[in-house]
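Colleague: Below are the structure tokens for one structure; questions will follow.
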Amino acid sequence: MPRFFITPDAVSAETAVITGDDAYHISRSLRMRVGEELTLCDACGNDYFCRITSITDSDVTLAVTGSAATETEPPYKVTVFQALAKGDKVDTVIQKSVECGAFAVTPLVTSRCTVKLSAADAEKKRGRWQRIAAEGAKQCGRGIIPEVTSLCDIKNAESIFADFDAVLFCYEKAERPLRGVLGTIGTDVERIAVVIGPEGGFSEDEARLMEKAGAVTVSLGKRILRTESAAPFILACLSYEYES
């Protein structure tokens, strides 16, 4: 069944209205008709089961036939801190992280990043990154649209990671395997940070900085993953460990 996100004020207990690009997509691309059914999500974790009552290229009116809490969200909130990388690698990380259950993605500046972005340039890219996150959320049936947040610098690690219940620092020189760490942080952890380095990895100074910030340094195994592969890998491991 087709699935679309709407704002909470666009749906009530009885009716809902879709406008703009989604309305055009429903009428022209999907060629849906009056009487057909689709699912709406208010991006707050609530699904609405609807039947089309009228349709044009600019708006679609629906009758709400039922509602339920979205069942696709993980029981934890993971923010992926992804170091800037070449080409479209950050795009890939955002798309796959959303599919694997990330709550948010934050682009990260580290000393070995070959890509240099000012805060202003990063904000220009953030619009496209947020669209990638929204499309990924629609495709995989998420109950929220994960946020792509503003660029941050690992130099500010102590303040950035202060509010997380657990911080997993993925470091190729780490000795503690991820599996062992996941067995110790407990199932009551809600906010988790996952920190991924650039193509050249993290420096030793950055590893010491993250340790000072309270991060748990973890190894992702005997094979060195590409920067764009690491976040989906660790998110899949978290899903296996904590989702029923």
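Colleague: Here are some residues: 40, 62. Which one is in contact with a Lys or Arg (Cβ under 7 Å, 6 or more places away or on another chain), buried (at least 17 other Cβ atoms within 10 Å of the Cβ) and at pLDDT 95 or above? If you could, list the steps in order and put the result at the bottom.
Modeller: Details: 40 fails: in contact with a Lys or Arg (Cβ under 7 Å, 6 or more places away or on another chain).
Unique residue meeting the criteria: 62.
Colleague: Considering only residues that are part of a helix (DSSP H, G or I) and touching a residue at least 40 places away in the same chain (Cβ under 8 Å), which ones fall in the range 147-156? Even if it seems obvious, please write down each step before you answer.
Modeller: Step one: list which residues in the range 147-156 are part of a helix (DSSP H, G or I), which gives 154-156.
Residues satisfying the conditions are 154, 155.
Colleague: Being in contact with a helix residue (DSSP H, G or I) (Cβ under 7 Å, 6 or more places away or on another chain) and exposed (fewer than 14 other Cβ atoms within 10 Å of the Cβ) is the filter here, so list the residues in the range 65-80 that pass it. It would help to see each step written out before you state the result.
Modeller: Of all residues in the range 65-80, those in contact with a helix residue (DSSP H, G or I) (Cβ under 7 Å, 6 or more places away or on another chain) come to 74-76, 78, 80.
Once the filter is applied, which keeps residues that are in contact with a helix residue (DSSP H, G or I) (Cβ under 7 Å, 6 or more places away or on another chain) and exposed (fewer than 14 other Cβ atoms within 10 Å of the Cβ), the range 65-80 yields only 75.
Colleague: Just for the range 89-117: of the residues that are small (Gly, Ala, Ser) and out of contact with any strand residue (DSSP E or B) (no Cβ under 6 Å at 6 or more places or on another chain), which one is surrounded by the fewest Cβ atoms within 10 Å (Cβ to Cβ)?
Modeller: From the range 89-117, those small (Gly, Ala, Ser) are 97, 101-102, 104, 111; that's our starting set.
Right, trim to out of contact with any strand residue (DSSP E or B) (no Cβ under 6 Å at 6 or more places or on another chain) and you get 101, 111.
On the way: 101: 23, 111: 15.
Out of the qualifying residues, it is 111.
Colleague: Moving to a separate point now. State the number of residues belonging to the range 118-146 that are surrounded by fewer than 17 Cβ atoms within 10 Å (Cβ to Cβ), within 13 Å of the chain's Cα centre (by Cα) and outside any helix (DSSP H, G or I).
Modeller: Residues flagged as surrounded by fewer than 17 Cβ atoms within 10 Å (Cβ to Cβ), within 13 Å of the chain's Cα centre (by Cα) and outside any helix (DSSP H, G or I) within the range 118-146 amount to 1.
Colleague: Has the range 157-168 got at least one residue that is touching a Ser or Thr at 6+ places or on another chain (Cβ under 7 Å) and in contact (Cβ under 8 Å) with a residue 24 or more places away in the chain?
Modeller: Taking the range 157-168 as the starting set, the residues that turn out to be touching a Ser or Thr at 6+ places or on another chain (Cβ under 7 Å) are none.
The answer is no, given that none of the residues of the range 157-168 is touching a Ser or Thr at 6+ places or on another chain (Cβ under 7 Å) and in contact (Cβ under 8 Å) with a residue 24 or more places away in the chain.
Colleague: Could you grab me the full set of residues in the range 20-58 that are under 23 Å from residue 73 (Cα atoms) and touching a helix residue (DSSP H, G or I) at 6+ places or on another chain (Cβ under 9 Å)?
Modeller: Once the filter is applied, which keeps residues that are under 23 Å from residue 73 (Cα atoms) and touching a helix residue (DSSP H, G or I) at 6+ places or on another chain (Cβ under 9 Å), the range 20-58 yields 38, 40, 41, 42, 43, 44, 46.
Colleague: Then there's this: Report whether or not residue 144 is touching an Asp or Glu at 6+ places or on another chain (Cβ under 8 Å) and of a type in the set (A, V, I, L, M).
Modeller: On the way: touching an Asp or Glu at 6+ places or on another chain (Cβ under 8 Å): yes; of a type in the set (A, V, I, L, M): yes.
Yes, satisfied.
The values are calculated or read from the model by the stated rules, or taken from the named source; none is laboratory data. Just so it is clear, the model here is predicted, and its values are computed rather than measured. Every residue, glycine among them, receives a Cβ derived from its backbone with ideal geometry; neighbour counts consider all protein chains shown.
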